[in-house]
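The values are calculated or read from the model by the stated rules, or taken from the named source; none is laboratory data. Small disclaimer: the values here were computed from a predicted structure and weren't measured. Cβ: placed from backbone, ideal geometry, glycine included. Neighbour counts: every protein chain shown.
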Amino acid sequence: MKTNLNIAVVLVIIHWVMPLLLCLSTIGAYVKINNKFLNIADLMTFLEIIDNIRGPIIYLPDRVRELINAYVSLNRIASYLKITTEKKSNITKEKDEKYSINISEAKLGTKHENILMTIDSLKIAKGESIVIIGETGSGKSCLIKSLIDRLIILSKKEFNIDGTISYASQTPFIINSTVKENILFYSKYNAERYKQVIKYCQLEKDIESLPAGDMTEIGTNGANLSGGQKSRINLARSVYHNADIYLFDDPISSVDSIVYNKILDLVIKNFLKKKTIIFASNDIKYMHHFNKVIFVEKEKVKFFGSIPDLEQCDFFQKYKSIHSKKNSQENNIIQNKKNKENKIPDTDSADKTAKSVSDLKSEGLEDLELSESDKQVVRMVNSQRLRMKVI
């Protein structure tokens, strides 16, 4: 900061002193070369010229710098416009009567050859519903992104996808438009399919509560929607699109477990039962909604098969025990927060309150007016005492 201020001070001094130095140096050079002094007329003319060119001379470095910046910017724009939009993909799109996805000996990563996912063999038959499970950061999202060509195939023996794809991201994608246009997303409107998608994605009550129904304008990034509403609209857009393969990167993680199960029952098992589905999830309790399981560990597909076969594996039992411990800890934290928010009275304080009230009444204060909270406490304690007597 101090250095910058010093530089600014020097520049200001040069700005005002430079014309004077220029005059003195020019006059001195004239006298030195010609061995005579300027007359008054020539001196006044010289000073007038110096005064006129002072501004351009001072601002000349700024103009040169701006010209250099403009040249660099134009070169960058030109190089951007010359970029070809065609992207060479290593994913083949050949017809396959049996498998929707057929991958073998594939390594996926970035252009710097940083391997993010290794797949030895993955053959997903048409019409199967698959759930991907694994620890956070194990590579579930990378596996799904590789199927939509978001990762570079560094090496492969086979990587074939047969069919169109519909994708729902983990982070909801919401455009600044109506709810209906967010779901349709430039697809052709089909009234019957649209109503089914609204129903199966649990959006009926939400749309009814909105001021203009599904024609309600959504703000930027869904500012006037809750997290669960944005997630379900994001899911509904993907489900509405009629595709062969559906890729879901845990799009409804923000909804509660009851709604989560309803959506899986209605969407996975009913509406899309004839489609190929790949669903990434962080919770193993939803596995029973799917036919098969992909278990991902340390950026590698470690298991692909049925749920009973997976449950017999030692590594899954270890993962299951760790997962259950984490869930119990999280549930305890949530329950403690709820108790603090609700401010549940403990039994000792309630018993003391009841005793103090009964003591006051026994002393002849039967006409004592009690608040509703005190009455509730007295009723609760008395009911507990009656139960103890019965026992």
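Things to note:
- Tally, over segment 215-268, of residues that are among the acidic types (Asp, Glu) and either over 19 Å from Phe185 (Cβ atoms) or crowded, with 20+ Cβ neighbours inside 10 Å (or both): 4
- If only residues of segment 176-207 that are among the charged types (D, E, K, R) and within 19 Å of Asp256 (Cβ to Cβ) are counted, the one that is surrounded by the fewest Cβ atoms within 10 Å (Cβ to Cβ) is Lys205.
- Selection within segment 289-310 - at pLDDT below 90 and either part of a helix (DSSP H, G or I) or not assigned by TED's automatic domain parsing to the domain that holds Leu122 (or both): none
- When Gly163 is tested against (1) more than 27 Å from Arg237 (Cβ to Cβ); (2) part of a loop (DSSP other than H, G, I, E, B); (3) modelled with pLDDT of 90 or more, only condition (1) is not met.
- Condition check for Phe279: at pLDDT 95 or above, within 30 Å of Glu105 (Cβ to Cβ), assigned by TED's automatic domain parsing to the domain that holds Asn160 and not in a helix (DSSP H, G or I): yes
- Checking each residue in segment 98-117 for being touching a residue at least 12 places away in the same chain (Cβ under 8 Å), surrounded by fewer than 18 Cβ atoms within 10 Å (Cβ to Cβ) and of a type in the set (S, T, N, Q) picks out Ser104, Thr110.
- Counting only residues that are surrounded by fewer than 15 Cβ atoms within 10 Å (Cβ to Cβ) and either touching an Asp or Glu at 6+ places or on another chain (Cβ under 6 Å) or farther than 15 Å from Glu105 by Cα (or both), segment 150-175 holds 5 of them.
- Those residues of segment 238-266 which are within 25 Å of Lys145 (Cβ to Cβ) and over 17 Å from the mean Cα position of the chain (by Cα), in sequence order: Val239, Tyr240, His241, Asn242, Ala243, Asp244, Ile245, Tyr246, Tyr260, Ile263, Leu264
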